[in-house]
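Written below as structure tokens is the structure these notes are about.
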Amino acid sequence: MFVSCSHIRISDKMRQLIALRLIFKTLFFFGFFPLISPLTANADTFALRMNDRQEGTSKYYHELLTSALALNGHTLKIINKGDLPPKRLVIMFEKGGLDIVWLLKSKERNKKYIDINVDLTNGLMGQRVLFIPPDSTEDYAHIKTVDDFRQSQKVGAFGANWFDEEVWRANNLPYRVIDGHWRSIYDRLLLSRPETTDRPFHYFSRSVTEIVQEAKHYPKLAIEPNLLFKYDRDFHFYINEENRHLKFILEQALRKAKKTGLMDKLIQKHFAEQLKSLKLENRVLLQLTTPQ
């Protein structure tokens with residue numbers, strides 16, 4: 001009798017193991033197994049490789065992602081891959097050296113990468129102010145419309161493959177694309193007037209979330225005080241195909257951050273003083289056509 005009871009208990013355990021094996025085989029057969037990721041299976045700590053910016057303008061995006069995921073019970077460890085030039089950043093991302101990046105949303109990027117479809121700055125990235133040489137402030141004082149700006153024949157500078165290039169082209173505004181390291185634009189703006197040197201541009205357009213922080217690193221440049229350019233586009237997070245299974249989790253977390261007011265709180269924390277110093281309410285608003 002004793003032996004028979006032991007045999008029954010062992011058989012029950014065997015049945016449980018067989019049932020579990022059948023469940024996993026079914027999940028694998030029907031394609032559900034790949035959906036089980038460290039994020040869904042275990043709401044603890046996980047890591048994502050991200051880039052940084054030496055001017056400190058990446059701090060908001062790191063904190064937003066960390067805090068948004070924390071709302072859903074996840075602890076994010078960011079593996080900082082350093083300050084990467086845009087071309088190298090894209091290459092690393094496409095080759096799997098970065099897990100997630102933030103870029104201006106575009107049709108082209110949505111085709112190439114997995115879009116986490118949540119605006120990250122409530123449109124602030126599409127509000128632009130100009131870095132200019134310190135002796136050229138008066139050159140912009142008369143401008144009241146986009147047509148005034150166009151007729152001024154002021155030439156902008158952008159890095160290669162920037163969305164701003166598409167915007168300026170759509171609005172028939174002159175610009176130059178600077179190959180190589182885009183940060184050379186800051187130094188080249190400090191040259192004397194382009195009529196007497198090889199400097200082929202007059203200004204450098206930057207987001208209102210970037211320019212004040214960057215000005216601390218380039219104090220010899222001036223921030224143009226009168227104009228505010230605006231186009232309708234924002235930063236989104238992008239992941240690559242290998243991380244497609246993270247899309248739902250990241251979108252859910254960021255939408256919750258927006259709904260609960262967390263995103264507004266972090267925007268206030270990181271950008272309020274900068275926006276105040278730019279006196280946006282006193283600037284002439286130049287609404288630009290946004291290419292689709």
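Among 186, 113, 175, the sequence by solvent-accessible area, most first, with a 1.4 Å probe is 175, 113, 186.
Oblate is the label for the stretch 246-292, because the ratio a/c of its alpha-carbon gyration tensor axes (a ≥ b ≥ c) is 1.5 or higher and a/b is not greater than b/c. Across 152, 277, the residue with the most accessible area heads the list, and the full order at a 1.4 Å probe is 277, 152.
Taking a straight Cα-Cα cut-off under 19 Å and skipping sequence neighbours fewer than 8 places away in the same chain, the lysines within cross-link reach of residue 279 are 144, 216, 230, 269. Checking the a/c ratio against 1.5 first, then a/b against b/c, what shape does the Cα gyration tensor give for the stretch 75-198? Verdict is prolate for the stretch 75-198. Looking at the stretch 56-98, which trypsin sites (Lys or Arg not before Pro) are DSSP coil and have at most 11 other C-beta atoms within 10 Å of their C-beta? In loop regions of the stretch 56-98 (DSSP not H, G, I, E or B), the sparsely surrounded trypsin sites (Lys or Arg not before Pro) are 95.
Once you have a ≥ b ≥ c as the square roots of the Cα gyration tensor eigenvalues for the stretch 185-264, tell me rounded if a/c is under 1.5, and otherwise prolate or oblate according to whether a/b is larger than b/c. Because a/c hits 1.5 or more and a/b exceeds b/c, the stretch 185-264 counts as prolate. Counting Lys and Arg as +1 and Asp and Glu as -1 over every other residue whose Cβ lies under 13 Å from the Cβ of residue 273, the net charge comes to +4.
Within the stretch 114-217, the GluC sites (Glu not before Pro) that combine a DSSP coil assignment with at most 16 other C-beta atoms in a 10 angstrom radius are 195. A DSSP coil position with no more than 11 other Cβ atoms inside 10 Å describes the following trypsin sites (Lys or Arg not before Pro) in the stretch 179-279: 216, 220, 279.
The values are calculated or read from the model by the stated rules, or taken from the named source; none is laboratory data. Here the structure is a predicted model, which is why all the values come from computation and not from measurement. Cβ atoms come from the backbone with ideal geometry, glycine included; neighbour counts cover every protein chain shown. Quick note on the areas: whole protein, heavy atoms, side chains included, nothing else; ligands and nucleic acids left out. Shrake-Rupley method; radii C 1.70, N 1.55, O 1.52, S 1.80 Å.
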